[in-house]
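The values are calculated or read from the model by the stated rules, or taken from the named source; none is laboratory data. The structure presented is a predicted model; accordingly, all values stated were derived computationally and were not measured. So basically every Cβ, Gly included, is an ideal-geometry build from the backbone, and we count neighbours across all protein chains shown.
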Amino acid sequence: MTSPSHIVVCPSCQARYRAPRHLEGKTVICKSCGNRFTLSFQSKSPSPAPGTAETAPPSPASTISSADSLLVFGKLAVKFKYITNEQLSEALAVKKKKNAAGETCYLGQILVDLGMLTGNQRDFLLSVQQMRETRTLDQRFGELALSNGFSSREELDKALERQKKTFLESKKVLAVGDILVRQGTLTENQRDALLKLQDRLKVPEDSSHQPAPFPAEQPSEGEENQEIQLEVSGDGMLATLFLSSPQVTLEQIKARLVSKGVCYGIKDDEEIQSFLDHLSGVPKPWPVAEGSPPKGTGSLKVAFHFDTDPLRIEPYKQGSAMDFTAAREEDQLKAGDCVAKLEKGTLEYYGTDVYGREILPAQKADIHFLCGSGCEVSGDGCSVLATRDGFPERSAYGRLFVFPLIHLTEDSDCENTPVDVEGRVEFSGAIPDKCSLKCGSLVAKEILKADIHALGNVLVTGGIIGATIYADGNVRCRYVHQARIYALGDVVVEQEIIDSEIEAGGALLIRKGDILNSRITAYTGTEVMDVGSDKANPSVIGISDNSACEKKIEARGQEIADFEEERTTLEETVQQLRNQSKAIEGEIGTLAQTQDRAMAEQRKSAALARSLEEAGGNRDKQAEVQLEAQRLGVKIANIEKTLENRLEQQDIIVEQVARAHKEIRNINARIESIQADLKALEEWAFRKTAPAALIVQGTIYAQNMVTGPNSSLTLDSPRKHVFFKEERHFGGGRKIAISVIEDDDSEPSG
């Protein structure tokens, strides 16, 4: 069931929305400005009259309502010599005073009221300010159009020149996207897709949680039927119905869908009625509408030139047997080989969400590779190349590495000497107690009470016993006893987890094994055969818990704080060195002047001595003059020695400042790299849209606890073949709900 959508524009503030066809004639409320107006689809999209701007110039209130805009407006007024800096300060003081009194006021109007600007001058400055802001955004819009292959450089330059010319002639600001549509360079869909990438195509508020195509009519207070709850997934692709009463009718459900703006992919009336007819017992969620995903890979995609799933976790999720085969030496890349490359994607058709909005594939026009050791981005920014021979690997959040192969044995003395290598470590035996190992990735037969930090994956063909493991990738092993594992990716265990603590940024999978007396958190869910036993202490299993990612983000943030503190110390040291250098420079200047005077006196004494000697004068006088010359010579020599010492001190200070600056640059580079990691981590950490579940294929025994972000449940009796999810609870809040697994396809694995 589909309903086409159209772009509509609020006549008050020009905010753009997509609205389904069935809303035509309805009175709606603009989420941006609160204006009420009636929807009309007489034309596909509003087009301005020839020679006019496509959006009305903003009022002073809307244009200079923010602190940044206020500062820009004031600077423009000074730049155009309409006011002086003193007058700007006076106006800002008036504004501050009025704001403190609770009055809403704008700098432009205050300058007019004070007689410092005319109304025309204010409007001119507002248009210049709007043009500057639009021009900056449109430059980025143009780059997106180029990178997506929507426009040529010549077409973009032509549109930007048209924008500039129009402004100079009429002081009207045209959006470059609209100009490109007029030129026939872009389609309206392409323009809107690029505007969406820039967050310039407005959608209803709180769109990150429940996007809507348009603000539908608002129900009056008390109109909503509290027996019908409707939740839409964060990506707008699934609408789930929660009913608290079997008395709900088909018409009531359809009315609720309309009130929420859900208009696409709705189940047939017969399916909805069948669901209502069979509704009994504990209410359960039911998908009432589903969007259709786009087919294609968007404008650009990343093609990896290596196996990004070396632990074979995805096949295991799909039902394959556990595979402990490690990568072979011939899988290594050579220096100069391509690790990953941007390739042009394909788009067969757009998708549609439940609100009837067109959905593009994930846009990757702004792909930025994250490179760790062993690889670097090529000069054109389109590929990643290996800088050394080794195994390519990708962390859970996307950082790329090339790790050289390093073989270690039980005779490596790593019990007494910490090992820190950015390589793929293959340990021939069991990693012993008290071993401290930092590495790129790790392959071992067994890990005992060791401390392991890995930038990538950890593969253990045996068990992990008493160890503490931190991994930015996935972890795979046969069993876990009395260990702690903190992985950003998935954790896959074949047999059992006993007396352990595991935090996974992905899923925890132990389909044929047990969890006993352990604390587990997995962001995308846990799948297990049995939890607990009649004799074992209870376990706590958290679902939708992102502790592993949050702790990593917190740790990386602390690294930045530590580096910033170190940088501040270095900057203070540089300032102290500069102060010392300045003092020495002053001393050198004084010594140089004293030396010049002494040398002048020495020359004068020498000349006097020569003249006395030539005249055959008083010998006592000659002796006195010679002694003075000798004294001056000693003084000059001492000054020269002191000067030489001070110059050496200056050289040392210059070297110290240079070293400090080099360290500061290194710290800045490290901070920049960590900030890139943080951005990638934050984007990756909250990627999940569907609720995670604990799936128990066998039995979960009494007293074991299941926790979610907002609730928890302690089992009072054993349950078999069930799954747990945190769901909305009628009457307020959320609770852990239990459902029976009806068949193998009834619920996806973690």
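The helices (runs of 4 or more DSSP H) found wholly in the stretch 146-212 and carrying at least 2 residues that are buried (at least 17 other Cβ atoms within 10 Å of the Cβ) and modelled with pLDDT under 85 occupy 153-170, 188-197. All conditions in (1) assigned to a strand (DSSP E or B); (2) modelled with pLDDT under 95; (3) within 20 Å of residue 507 (Cα to Cα) hold for residue 479, with the sole exception of (2).
When the residues of the stretch 461-487 are filtered to those that are buried (at least 24 other Cβ atoms within 10 Å of the Cβ) and out of contact with any strand residue (DSSP E or B) (no Cβ under 6 Å at 6 or more places or on another chain), the one that is farthest from residue 315 (Cα to Cα) is 472. Taking the criterion of being over 15 Å from residue 286 (Cα atoms) and not polar (S, T, N, Q), the residues of the stretch 250-261 that qualify are 251, 255, 258, 260, 261.
Out of 622, 575, one residue alone is under 48 Å from the mean Cα position of the chain (by Cα), without any contact (Cβ under 8 Å) to a residue 40 or more places away in the chain and either assigned to a helix (DSSP H, G or I) or not assigned by TED's automatic domain parsing to the domain that holds residue 672 (or both). It is 575.
Matching residues to (1) under 30 Å from residue 678 (Cβ atoms); (2) at pLDDT 85 or above; (3) acidic (Asp, Glu); (4) touching a strand residue (DSSP E or B) at 6+ places or on another chain (Cβ under 9 Å):
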| site | (1), (2), (3), (4) |
| --- | --- |
| 561 | yes, yes, no, no |
| 574 | yes, yes, no, no |
| 579 | no, yes, no, no |
| 617 | no, no, no, no |
| 623 | no, no, no, no |
| 637 | no, yes, no, no |
| 660 | yes, yes, no, no |
| 665 | yes, yes, no, no |
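Here 648, 613 are screened, and the one residue that is modelled with pLDDT of 85 or more, part of a helix (DSSP H, G or I) and out of contact with any strand residue (DSSP E or B) (no Cβ under 7 Å at 6 or more places or on another chain) is 648. Tell me which residues, restricted to the stretch 313-338, are under 22 Å from residue 443 (Cα atoms), modelled with pLDDT under 85 and part of a loop (DSSP other than H, G, I, E, B). Scanning the stretch 313-338 gives 320, 321, 322, 323, 324, 325, 326, 327, 328.
Determine, yes or no, whether residue 602 is in the same structural domain as residue 680 (by TED's automatic domain parsing), crowded, with 18+ Cβ neighbours inside 10 Å, in a helix (DSSP H, G or I) and not aliphatic (A, V, I, L, M). Show your work before the answer.
Working: in the same structural domain as residue 680 (by TED's automatic domain parsing): yes; crowded, with 18+ Cβ neighbours inside 10 Å: yes; in a helix (DSSP H, G or I): yes; not aliphatic (A, V, I, L, M): yes.
Yes: the conditions hold for residue 602.
Per this entry, residue 392 is counted among residues that are in contact (Cβ under 8 Å) with a residue 60 or more places away in the chain and not aliphatic (A, V, I, L, M).
Can you find even one residue in the stretch 680-695 that is of a type in the set (Asp, Glu), at pLDDT below 85 and in contact with a Lys or Arg (Cβ under 8 Å, 6 or more places away or on another chain)? I'd like the intermediate steps shown before the answer.
Taking the stretch 680-695 first, the residues of a type in the set (Asp, Glu) are 682-683.
Checking which are at pLDDT below 85 leaves us with 682-683.
Those still in the list that are in contact with a Lys or Arg (Cβ under 8 Å, 6 or more places away or on another chain) too: none.
There is no residue in the stretch 680-695 that is of a type in the set (Asp, Glu), at pLDDT below 85 and in contact with a Lys or Arg (Cβ under 8 Å, 6 or more places away or on another chain).
The residue that is nearest to residue 142 (Cα to Cα), counting only those in the stretch 157-176 that are touching a residue at least 60 places away in the same chain (Cβ under 8 Å) and aliphatic (A, V, I, L, M), is 175.
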